[in-house]
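The structure appears below as structure tokens.
The values are calculated or read from the model by the stated rules, or taken from the named source; none is laboratory data. These figures come from a predicted structure and were not determined experimentally. Here the Cβ positions follow ideal geometry from the backbone for every residue, glycine too, while neighbour counts run over all protein chains shown. Just so you know, the surface numbers come from the protein's heavy atoms only, side chains and all, with ligands and any DNA or RNA stripped out. Shrake-Rupley method; radii C 1.70, N 1.55, O 1.52, S 1.80 Å.
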Amino acid sequence: MRATVIYGAGDVRVETVPDPKLSAPTDALLRVVRSCICGSDLWPYGSMPARDRGVRIGHEFLGVIEAVGADVTTLKTGDLVVAPFVYSDNTCQFCREGLHTSCLHGGFWGAKGVDAGQGEAVRVPQADGTLVKLPHTEDDDLLASLLTLSDVFPTGHHAAVKAGVNERTTVTVIGDGAVGLSAVLAAKRLGAERIILMGRHQARTDLGREFGATDVVAERGDEGIEKVRDLTNGEGTHTVLECVGTKPAFEMGVGAVRPGGTVSRVGVPQYDEGPIGPSLFRRNITVTGGVAPARHYIPELLDDVVEGRYQPGKVFDRTIGLEEVPDGYRAMADREALKVLVKP
């Protein structure tokens, strides 16, 4: 089969790799019908050291079941399913607590001999616990929105949930990428009436307004913090959803949050130290967030997506074939595309 392999910064290739096979009774084989490129894929694309042997990449995908192992009981051949960006058994103590990303028997796509999502097919470990059955559809727009359940929509939702967003909280979202826009949508869904989106790409911030942002702040750094405070009577917002992962973004979040507020980080941090000293302590600021347990949130979000009440799939602004994936990476890295959908 054909699949995406990364060899180093800027070096993404589509190659022929071995076809997946069932190797455990809890496995399923899945034919990929939609996948995509994630903003977090751009970190290795921008900085991964060159290597002789490439590694598989991609962690967001929908597919149709083609075979199941003997112990798989909730899925059958022909089912359309979504895969969260990590696999999990959905039964261990951490999964039962809603923390599927810490599953005792889980793992990441493309690691330890497991297929990745940007390819024609995937062997799915822990299939019963990992995969969520979807209603069959051939509607491209609905399939795009269902695909966001694998990562970006639950990640934006996680940011809002961890921050405690509700109808009484004001919200600042930092980042106008797909996760940031999903966080806007999630905050709106949870009832927030004032949502400030910090971003400076108009096509993206226009979509943010469609998703529920009431204000847009294009400025960055101290100037951006001051603008948020100007919009909130000098106080800042109750919550900040940091969806970028850089230290300057975190620093803006700390500056934009009001005393007693919460900064929720879901952008993968690209730094080891940040402003967590006396300033946060004196202002009673809570810092939270983390990697989103998408499998925990999918059942909650699914009906709203299927019924069309929310359309997170609008974050996809380019659709390509599998052989075009290298150019899809380039387009996202060059800010020519917000999020690229792959249709094998």
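In square angstrom, what is the accessible area per residue of segment 226-344 with a 1.4 angstrom probe?
47 Å²
Which ³J(HN,Hα) values, rounded to whole Hz and listed in residue order, are derived for segment 201-210 from phi using the Karplus coefficients 6.51, -1.76 and 1.60 in 6.51 cos²θ - 1.76 cosθ + 1.60 with θ = phi - 60°, glycine and proline given as x?
Per residue, the Karplus-derived 3J(HN,Hα) values read 9, 4, 4, 6, 5, 5, 5, x, 5, 4 Hz.
Report the charge-dipole magnitude of segment 193-301 in Debye, nearest 20, computed about the Cα centre from +1 at each Lys and Arg Cβ and -1 at each Asp and Glu Cβ. Please report the intermediate quantities before stating the final value.
Values: 13 positive and 15 negative charges, 37 e Å.
Charge dipole, segment 193-301, about its Cα centre: 180 debye, nearest 20.
Of all the accessible heavy-atom surface of segment 1-130, with the other protein chains kept in place and a 1.4 Å probe, what percent is carbon and sulfur? Kindly include the intermediate steps, with their values, before the conclusion.
On the way: 2860 of 5580 Å².
Carbon plus sulfur share of accessible area: 51 percent.
Determine the percent antiparallel among the DSSP beta bridges restricted to the chain, to the nearest 5. Walk me through the numbers on the way to the answer.
Numbers: 31 of 55 bridges.
Bridges in the chain are about 55 percent antiparallel.
To the nearest 20 debye, what charge dipole does the chain have about its Cα centre, counting +1 at the Cβ of each Lys and Arg and -1 at the Cβ of each Asp and Glu?
Roughly 580 debye for the chain.
To one decimal place, what Kirkwood hydrodynamic radius in Å is obtained for segment 51-175 from all pairs of distinct Cα atoms?
Computed over Cα pairs of segment 51-175, the Kirkwood hydrodynamic radius comes out at 16.1 Å.
Write down the Kirkwood hydrodynamic radius of segment 133-279, to one decimal in angstroms, obtained as one divided by the mean of 1/r over all alpha carbon pairs.
Evaluated on segment 133-279, it is 15.2 Å.
In Å, what Rg and Dmax follow from the Cα atoms of segment 212-344?
When restricted to Cα atoms, segment 212-344 yields Rg and Dmax of 18.0, 53 Å.
Computing the accessible area with a 1.4 Å probe over protein heavy atoms, can you report the carbon and sulfur percentage for segment 198-333?
Details: 3010 of 6590 Å².
Carbon and sulfur: 46 percent of the exposed surface of segment 198-333.
Here are labelled values, [x] 21.7, 71; [y] 19.8, 62; [z] 28.7, 106, and one is the computed Rg and Dmax of the Cα atoms in Å for what I pasted. Which one?
Working out Rg and Dmax of the Cα atoms in Å from the coordinates points to [y].
Which of 153, 136, 101 sits farthest toward the positive end of the charge dipole of segment 92-193, with +1 on the Cβ of Lys and Arg and -1 on the Cβ of Asp and Glu?
The residue sitting farthest along the positive end of the dipole is 101.
Quick one: which residues, 5+ away or cross-chain, put their amide H under 5 Å from the amide H of residue 216? H built at 1.01 Å from N.
197
Rank 151, 272 by accessible area, highest first, at a 1.4 Å probe radius?
Descending accessible area places them as 272, 151.
Would you mind pulling out the separation of the Cα centroids of segment 314-343 and segment 16-73, in Å?
18 Å
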